[in-house]
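*Asks:* To start, I am sharing the structure in question, which I have written as structure tokens.
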Amino acid sequence: MNKINLLEVYYDDYRTHGSAAATAMIEKIRRTPITVVPEINDDIFFEAGRLKAAYKISLADSIAVASASIYGAALITADHHELDAIEAAGRIKFFWIR
């Protein structure tokens, strides 16, 4: 998981449930085997740009898909509306949470 995407989880939980709940959610994620990638290196940068242009997805989703692709990881998401086309293309493995 790229740190940008972890930020999305944080702000959404903060907006919905407040500061304490959002902080608790981040701590819970940090206790899982999920690796948080702290940067956008050049490989992720260029792949995210290509994905955003090709699939017209959000910047954060393009970073998530690029990170999963570069690191050979599965992407855990609920964003069917933006990512179904990428799954159909067989670019990476998805685990849908709803």
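*Asks:* Run through the chain and list the GluC sites (Glu not before Pro) located in a DSSP loop whose Cβ has at most 13 other Cβ atoms within 10 Å.
*Replies:* 39
*Asks:* Okay, next question. Mean separation of Cα pairs under 8 Å and 6+ residues apart, divided by the residue count of the chain: what relative contact order is that in percent?
*Replies:* 25
*Asks:* Moving to a separate point now. Any lysines with Cα under 30 Å of the residue 56 Cα? List them, leaving off those in the same chain fewer than 8 positions away.
*Replies:* Qualifying lysines at Cα under 30 Å: 3, 93.
*Asks:* Label-point separation (nm) for residue 96 and residue 29, each offset 7 Å from Cα along Cα-to-Cβ?
*Replies:* Spacing of the two 7 Å Cα→Cβ label points: 2.2 nm.
*Asks:* What Rg and what Dmax come out for the range 13-98 when only alpha-carbon atoms are used, in angstroms?
*Replies:* Taking only Cα atoms of the range 13-98, I get Rg and Dmax of 13.9, 39 Å.
*Asks:* Helix-derived [θ] at 222 nm for the chain: sum -39500 (n - 2.57) over DSSP H runs of at least 4, divide by residue count, nearest 500?
*Replies:* After summing the helix terms and dividing by residue count, I get -20000 deg cm²/dmol.
*Asks:* Within the range 1-56, report the trypsin sites (Lys or Arg not before Pro) that DSSP leaves as loop and that have at most 13 other Cβ atoms within 10 Å.
*Replies:* Hits after loop and neighbour filter: 31, 56.
*Asks:* A further question on this structure: Using amide H atoms built 1.01 Å from N in the peptide plane, name the residues 5+ places from residue 75, or on other chains, whose amide H lies under 5 Å from its own.
*Replies:* Long-range HN contacts for residue 75: 93, 94, 95.
FYI, it's all coordinate maths here, none of it is from the lab. Predicted model, so just to flag it, every value in this text is computed and none were measured. Virtual Cβ from ideal backbone geometry, glycine too; neighbours counted across all protein chains shown.
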